[in-house]
1. Is it the case that residue 28 is surrounded by 10 or more Cβ atoms within 10 Å (Cβ to Cβ) and not in a helix (DSSP H, G or I)?
2. Given the conditions (1) part of a helix (DSSP H, G or I); (2) exposed (fewer than 11 other Cβ atoms within 10 Å of the Cβ), and given that residue 38 satisfies all but one, which numbered condition is not satisfied?
Amino acid sequence: MQVPAHSVFNAHDGNIKKYFFATRPMFFIASLLPVLLGTGIGFELGGQFDMLALTLALLAVAFVNAGINV
C-alpha cells in the first residue's frame, strides 16, 4: 500500500515546526555576529581570510546555540 507523499509530510509538519522554533532561530544573529566581527577584525589586522574556518565557526556557533535552546 502506497501512502501519498503529501500526507506523510503533513503528519510531521507540526513536529518539525515545533522543534525548529524551539531552537529560537531569532537569536541566531546574536550568536553569529561575534564570529563575523572577529573574522572582520582578524582580516583587517592579519590580512588573511580563511573561508573554511569561518564556515566551520558559524556552523559550530549555530549548532551550539540551537542545542542549548532545545
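Quick note: the coordinates plus some simple rules give every number you see, no bench work behind them. The model shown is predicted, which means the values in this text are computed figures rather than measured ones. In this analysis, Cβ positions are derived from the backbone assuming ideal geometry, glycine residues included, and neighbour counts consider all displayed protein chains.
1. Values: surrounded by 10 or more Cβ atoms within 10 Å (Cβ to Cβ): yes; not in a helix (DSSP H, G or I): no.
No, not satisfied.
2. Every condition holds for residue 38 apart from (2).
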